[in-house]
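Below you'll find the structure, written out as structure tokens, and then a few comments.
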Amino acid sequence: MENKLKEAFSQSLGIPIEEIIDSLEYNSRDEWDSVAHMSLVASIEDTFDIMMDTDDIIDMSSVGKAKEILVNYGIEFDA
């Protein structure tokens with residue numbers, strides 16, 4: 001599932017998949033601004049067939065945090 005998440009980040013933010021690491025944070029790069037964040041949310045929802053709560057959308061501040069949030073939706077990631 002991690003590769004699917006990295007692909008969603010890569011496509012939404014327009015950055016190479018190799019640069020998608022857990023410590024990548026919102027607004028740490030020009031590519032991850034508020035507009036890209038909403039595109040990313042839509043991509044994640046489509047990829048994992050979920051509908052994220054508003055609080056989770058706001059709290060999704062990094063790739064690592066996205067994984068934590070997705071676990072609450074039943075998505076599993078390798079440790």
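The values are calculated or read from the model by the stated rules, or taken from the named source; none is laboratory data. Everything numeric in this text was worked out from a predicted model, so none of it was measured. Because the Cβ atoms are built from the backbone with ideal geometry, glycine has one as well, and the counts that use them run over all protein chains shown. Keep in mind that these areas ignore ligands, DNA and RNA; they rest on the heavy atoms of the full protein, side chains included. Shrake-Rupley method; radii C 1.70, N 1.55, O 1.52, S 1.80 Å.
How compact and how long is the range 34-74, expressed as Rg and Dmax of its alpha-carbon atoms in Å?
Expressed in Å, the Cα Rg and Dmax of the range 34-74 come to 9.2, 26.
Rank by packing, highest mean first: peptides 40-49, 12-21, with packing defined as the count of other Cβ atoms within 10 Å averaged across residues. Intermediate results must be reported in sequence, preceding the final value.
Details: 40-49: 15.9, 12-21: 13.7.
Highest-to-lowest ranking by the protection proxy: 40-49, 12-21.
Can you tell me how the range 1-42 classifies by the Cα gyration tensor, rounded, prolate or oblate, using a/c under 1.5 as the rounded cut?
Numbers: a/c = 1.77, a/b = 1.27, b/c = 1.39.
It comes out oblate by the Cα gyration axes.
Multiplying the sequence separation of Gln11 and Ala42 by 0.36 nm and subtracting their Cα-Cα distance, what value in nm do you get?
Working: separation 31, 0.36 × 31 = 11.16 nm, distance 1.15 nm.
Fully extending the segment from Gln11 to Ala42 adds 10.0 nm.
Taking a probe of 1.4 Å, how large is the accessible area per residue of the range 5-79, in Å²?
Working: 4410 Å² over 75 residues.
That works out to 59 Å² for each residue.
Give the Rg (one decimal place) followed by the Dmax (whole number) of the chain, computed from C-alpha coordinates and expressed in Å.
11.1, 31
Summarise the accessible area of the chain (1.4 Å probe, protein heavy atoms) by the percent that is carbon and sulfur. Intermediate values should be presented prior to the final figure.
Working: 2150 of 4780 Å².
The value for the chain is 45 percent carbon and sulfur by accessible area.
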